[in-house]
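Notes follow the structure.
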Amino acid sequence: MSFDYDLFVIGAGSGGVRAARMSAGHGAKVAVAEEYRVGGTCVIRGCVPKKLFVYASHFAEEFEDAAGFGWTVADAKFDWPTLVKNKDAEIDRLNSIYIKNLEASDVEILQGRAIVKDANTVTLDGHDINAKYILVAVGGTPFMPQIEGIEHAISSNEAFHIEELPQHIIVVGGGYIAVEFAGIFNGLGVDTTLVYRGPQILRGFDNEVRDHLAAEMAMKGVIIKTESDIAAITKTANGYTVTYQDGSTQNTGLVMYATGRVPMTEGLGLENAGVELGAKGEIKVDAYSKTNIDSIYAVGDVTARAELTPVAIREGTAFAETLFNDNPLAVDHSIIPTAVFSQPPVGTVGLGEEAALEAGHEIDVYGASFRPMKNTLSGNPEKTLMKLIVDKDDDKVLGLHIVGPDSGEMIQAFGVAITMGATKAQFDATIAVHPTAAEELVTFKHPRGDV
């Protein structure tokens, strides 16, 4: 049977674009369909613009810190429209680069919403297109709970385009996006309340990391309301009134929900091909990203394996290698270095203390909390946390956790060591770089509890 394409990709986000380009590089005839903008969530309305906002929000604190180093920063002012305009220009630039890279790889870009018709056919703008393989890489979309007045709230999608900053904002959620945007708005001078229904933010992270970050955020002015949730949102003349589930109320200028994301499989036609979905609408796949239908694969957030851009890119790479380069690759999701661009930021790889114990490991825990050198002259009270989780039996470093400046940069390098199975003895044998905060991680002498 002849096909229009060897591969048809639905979704031009990070995973889809990587899979499309690499597959084409291996000789496949490839098309990718995108209903919005090439680049996906990360580039257009996710990690890239968010990181730019994080940079912007940190300048006020930097200006304060500068005084201790002899600098006087007079009449510093912030203009939200300028930030949004410049951010949009950068996103436009990246969008054009993604398009050029696809075109340079001989990938055909089709604008529009593609719907799966059967195991080898998609429908786009009323036309049927067949392909030997179909890759679904449509990502996810913000979850908005069905409460009274939810139409008055925004998600992270809209947060990048609000016309003006409110005097006060309530951010609902306790994960990456929620804590990051709480830091952004707080840093830009907005009175910020973070509302989370659980007992502590960043569920799934090491508990000490969670507690340390929450304390630092609170010290910077973010009000954190845990074990709390909103029952209703009411529009008022001056903004909104939220009613909490305990009956209390709070006035605010804006409500933003960051309570997770759900796979964008609704209306995609996957049922037409018999593709099996999970309870949350995620596409079920095997280790090689193949669904229960041999010709249909899926990568990225739509599979809900690990909702991180670098993971989607790695899955896209493995997909192309497996199908079009005769090199079967499965992505290892067990060790994923990751960063939360909160304020202060978090970098982590491997197991947290609680997870290591639950997995049955006997562990030694090494840790330190301290004011980094930069904060001595500035008077900034922010503290950095460094932590190692080590297996007592084989000396292997099971987890490494950092809360503090540049932790995202540090964790990328340390992630290599942890992925390779580095031991505490190998950390000890590494000469420290002085003076740095990171040197703590190679100079720990005694685990907690030792004398």
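Quick test for you: out of 153, 137, 119, pick the one residue that is of a type in the set (A, V, I, L, M), touching a strand residue (DSSP E or B) at 6+ places or on another chain (Cβ under 7 Å), closer than 30 Å to residue 231 by Cβ and touching a residue at least 60 places away in the same chain (Cβ under 8 Å).
Values: 137 fails: closer than 30 Å to residue 231 by Cβ; 119 fails: closer than 30 Å to residue 231 by Cβ.
After ruling out the rest, the residue left standing is 153.
Do we have any residue at all in region 185-194 that's closer than 28 Å to residue 357 by Cβ, in the same structural domain as residue 169 (by TED's automatic domain parsing) and assigned to a loop (DSSP other than H, G, I, E, B)?
No: zero hits.
With the requirement that a residue be in a loop (DSSP other than H, G, I, E, B), surrounded by fewer than 21 Cβ atoms within 10 Å (Cβ to Cβ) and touching a residue at least 60 places away in the same chain (Cβ under 8 Å), what does region 205-223 give you? Steps first, please.
Quick first cut of region 205-223, residues in a loop (DSSP other than H, G, I, E, B) only: 205-206, 220-222.
Subset that is surrounded by fewer than 21 Cβ atoms within 10 Å (Cβ to Cβ): 220-221.
Scanning region 205-223 gives a single hit, 220.
Checking residue 107 against (1) at pLDDT 95 or above; (2) hydrophobic (A, V, I, L, M, F, W, C); (3) under 30 Å from residue 320 (Cα atoms); (4) under 23 Å from the mean Cα position of the chain (by Cα): exactly one of these is not met. Which one?
All conditions pass for residue 107, except number (4).
Output yes when any residue across region 395-415 is touching a residue at least 40 places away in the same chain (Cβ under 8 Å) and out of contact with any strand residue (DSSP E or B) (no Cβ under 9 Å at 6 or more places or on another chain), and no when none is.
Among the residues of region 395-415, not one is touching a residue at least 40 places away in the same chain (Cβ under 8 Å) and out of contact with any strand residue (DSSP E or B) (no Cβ under 9 Å at 6 or more places or on another chain), which makes the answer no.
If we only count helices (runs of 4 or more DSSP H) wholly inside region 365-451, which ones have 1 or more residues that are of a type outside the set (A, V, I, L, M) and buried (at least 20 other Cβ atoms within 10 Å of the Cβ)?
On the way: elements: 374-378, 407-419, 424-428.
Helices (runs of 4 or more DSSP H) meeting the threshold: 407-419, 424-428.
I'm checking my understanding of the structure. Among residues of region 162-178 that are in contact with a helix residue (DSSP H, G or I) (Cβ under 7 Å, 6 or more places away or on another chain) and under 16 Å from residue 87 (Cα atoms), which one is surrounded by the fewest Cβ atoms within 10 Å (Cβ to Cβ)?
Result: 164.
Within region 366-381, work out how many residues are in contact with a helix residue (DSSP H, G or I) (Cβ under 6 Å, 6 or more places away or on another chain) and either among the charged types (D, E, K, R) or closer than 20 Å to residue 411 by Cα (or both). Please lay out each step first, then the result.
Step one: filter region 366-381 for residues in contact with a helix residue (DSSP H, G or I) (Cβ under 6 Å, 6 or more places away or on another chain), giving 368, 377-380.
From what is left, the residues that are either among the charged types (D, E, K, R) or closer than 20 Å to residue 411 by Cα (or both) are 368.
Residues meeting the conditions: 1.
For a quick check of your reading of the model, give me the residue pairs whose first member lies in region 346-362 and is over 14 Å from residue 411 (Cβ atoms), whose second is polar (S, T, N, Q) and at pLDDT 95 or above, with beta-carbon atoms closer than 8 Å and at least 6 apart or on different chains.
Every condition considered, the pairs that remain are 353/207; 354/207.
Which fully enclosed strands (runs of 3 or more DSSP E) of region 229-341 have 2 or more residues being touching a helix residue (DSSP H, G or I) at 6+ places or on another chain (Cβ under 8 Å) and surrounded by 15 or more Cβ atoms within 10 Å (Cβ to Cβ)?
Details: elements: 230-236, 239-244, 249-252, 254-257, 261-263, 296-298, 338-340.
The qualifying strands (runs of 3 or more DSSP E) are 254-257, 261-263, 296-298, 338-340.
Identify, please: which residue in region 331-369 is acidic (Asp, Glu) and modelled with pLDDT of 95 or more and is, among those, farthest from residue 214 (Cα to Cα)?
Per the stated criteria, the residue is 362.
Any idea how many residues of region 1-26 are modelled with pLDDT of 95 or more, hydroxyl-bearing (Ser, Thr, Tyr) and crowded, with 24+ Cβ neighbours inside 10 Å?
Qualifying residue count, region 1-26: 1.
The values are calculated or read from the model by the stated rules, or taken from the named source; none is laboratory data. Computed from a predicted structure; not experimentally measured. Virtual Cβ from ideal backbone geometry, glycine too; neighbours counted across all protein chains shown.
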